[in-house]
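The values are calculated or read from the model by the stated rules, or taken from the named source; none is laboratory data. None of these values were measured; they are calculated from a predicted model. Virtual Cβ from ideal backbone geometry, glycine too; neighbours counted across all protein chains shown.
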Amino acid sequence: MRKAILVTGASTGIGRYLAHYLAERGHLVYAAVRKQSDFAALSGLENIVPIQLDVTDVAQIETAVTHITSQGTGLYGLVNNAGLGGLGGFTTWSEAEFQQIFDVNVAGPWRLSNAFMDLLLASQGRIVNIGSQGGTISKKWYGPYSMTKHALEAYTVALHEELRPYHVHVSIVQPGGIVSNIGANSMPDTLARFRRAQPPFAEEAQQIIAAFENPAPPPEAAEGAPESESNRKPSSPEIVATAVYHALFAEKPRLRYLVGTKWEGDRVIHALIEKLLDANDSPEHNYSREALVALLDDQLQARE
Ligand SMILES: NC(=O)c1ccc[n+]([C@@H]2O[C@H](COP(=O)([O-])OP(=O)(O)OC[C@H]3O[C@@H](n4cnc5c(N)ncnc54)[C@H](OP(=O)(O)O)[C@@H]3O)[C@@H](O)[C@H]2O)c1
């Protein structure tokens with residue numbers, strides 16, 4: 001059955017792919033973009049209705065709610081996809097940059113979900129947040145981005161519980177590297193931050209700037225070689241779209257969808273095991289190996 005779905009950040013990358021993916025399957029997509037040129041590019045396409053929406057702009061969000069309500073389509077799905085990337089050591093992030101990434105990546109989904117709550121409650125619909133594998137793991141230079149995606153995971157889990165009694169399902173899709181514009185879009189700010197690095201961080205920052213400005217050609221061995229930290233290829237946005245589609249339409253949607261390559265998935269699983277073992281490493285609370293395996297078996301059985 002045709003459903004109305006709002007996708008934020010539909011101008012490029014994952015959001016644009018998703019808007020087309022849903023429209024091709026007959027759904028009505030409210031494709032939210034910021035720029036007039038993106039609005040024009042999406043105008044007149046079958047099953048796509050562009051709307052102007054910056055997720056940090058409360059007045060634009062209110063206008064979008066009024067507009068969608070007036071269309072009489074209701075709203076079944078909200079996909080909180082809009083997001084900012086960006087790398088840099090912690091000391092190089094300005095106060096404004098740090099607040100902005102949280103404003104878009106964390107407060108954005110919270111604002112949109114609240115604004116469209118009445119329509120989503122009425123449709124007993126679905127909210128899908130686009131998180132990241134960086135919402136489970138965290139690494140050098142990715143700090144603030146990973147912090148926002150960890151926060152989005154916490155938001156998703158709590159909202160999932162709050163809305164369950166009202167039959168609105170909330171999920172998070174957590175991709176690894178995906179072909180999109182996120183790297184190019186965030187590169188000017190990323191370079192500016194590495195240029196701000198002061199001793200003792202400046203020397204390493206200079207090496208990173210050089211690597212960004214003159215990327216080394218991929219080593220020949222990388223052709224056909226197993227994926228590794230230095231031999232990685234981003235996946236197609238299709239794997240994100242497939243997971244979002246399941247979260248939107250499956251009879252039993254999942255809370256979390258980890259998507260990406262095998263190597264990326266292994267990295268997340270290893271990080272989670274490390275967290276588990278850290279949590280278990282206390283004098284008051286220290287399960288034996290056998291007890292941990294039994295707990296894992298119980299959880300697996302509960303899922304069947
Ligand atoms: N690509 C990956 O490897 C990857 C991996 C994990 C998670 N993700 C997540 O996937 C989502 C989509 O990212 P992407 O990779 O497709 O990046 P992208 O190509 O850079 O697209 C980002 C989208 O977010 C929009 N956006 C940024 N700030 C906004 C704001 N204040 N209000 C409304 N829209 C705003 C952009 O609009 P403009 O064109 O107007 O700037 C653009 O449409 C993000 O949440 C990202 O964190 C991506």
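I'm told Arg232 meets every condition in (1) in contact (Cβ under 8 Å) with a residue 12 or more places away in the chain; (2) away from the ligand (no atom under 16 Å from the Cβ) except one. Can you identify the failing condition by its number? All conditions pass for Arg232, except number (2).
Counting only helices (runs of 4 or more DSSP H) that sit wholly inside region 59-136, those with at least 1 residues that are near the ligand (Cβ under 10 Å from one of its atoms) are 95-102, 108-115. Report yes if Thr56 is part of a helix (DSSP H, G or I) and free of Cβ contacts under 8 Å to residues at least 60 places away in the same chain, otherwise no. So Thr56 fails the test. The set of residues from region 7-51 being among the aliphatic types (A, V, I, L, M), without any contact (Cβ under 8 Å) to a residue 40 or more places away in the chain, outside any strand (DSSP E or B) and in contact with an Asp or Glu (Cβ under 9 Å, 6 or more places away or on another chain) comprises just one member, Ala23. Per the listing Ala41, Ala59, Ala64, Ala31, the residue uniquely of a type in the set (A, V, I, L, M), within 20 Å of Thr242 (Cα to Cα), in the same structural domain as Gly83 (by TED's automatic domain parsing) and out of contact with any Gly (no Cβ under 6 Å at 6 or more places or on another chain) is Ala31. Taking the criterion of being free of Cβ contacts under 8 Å to residues at least 24 places away in the same chain and under 13 Å from the mean Cα position of the chain (by Cα), the only residue of region 87-139 that qualifies is Gly134.
From the list Ile101, Ile61, Ile68, the one residue that fits, being within 17 Å of Val33 (Cβ to Cβ) and either touching a helix residue (DSSP H, G or I) at 6+ places or on another chain (Cβ under 6 Å) or modelled with pLDDT under 95 (or both), is Ile61.
Pairing residues of region 141-166 that are closer than 11 Å to Asn129 by Cβ and in contact (Cβ under 8 Å) with a residue 40 or more places away in the chain with residues that are more than 12 Å from the ligand (Cβ to nearest atom) and among the β-branched types (Val, Ile, Thr), at Cβ distances under 6 Å and at least 6 apart in sequence or on separate chains, gives Thr156/Val170; Leu159/Val170; His160/Val170.
For region 154-169, the set of residues classified as crowded, with 18+ Cβ neighbours inside 10 Å and within 16 Å of the ligand (Cβ to nearest atom) consists of Tyr155, Thr156, listed by residue number. The residue of region 38-72 that is nearest to Gly9 (Cα to Cα), among those that are hydroxyl-bearing (Ser, Thr, Tyr) and out of contact with any strand residue (DSSP E or B) (no Cβ under 7 Å at 6 or more places or on another chain), is Thr56. Criterion first (crowded, with 16+ Cβ neighbours inside 10 Å, within 18 Å of Ala122 (Cβ to Cβ), of a type outside the set (A, V, I, L, M, F, W, C) and at pLDDT 95 or above) does Thr73 satisfy it? So Thr73 fits the description; yes. In a residue-by-residue description of region 288-299, the property of being modelled with pLDDT under 95 and at negative phi applies to no position. Within the option set Pro144, Pro188, being of a type outside the set (Val, Ile, Thr) and either in the same structural domain as Ser113 (by TED's automatic domain parsing) or more than 16 Å from the ligand (Cβ to nearest atom) (or both) holds for one residue only, Pro144. Filtering region 191-220 down to residues that are of a type in the set (Phe, Trp, Tyr) and under 17 Å from Gly85 (Cα atoms), which residue is nearest to the ligand (Cβ to nearest atom)? Residue satisfying both the conditions and the ranking: Phe212.
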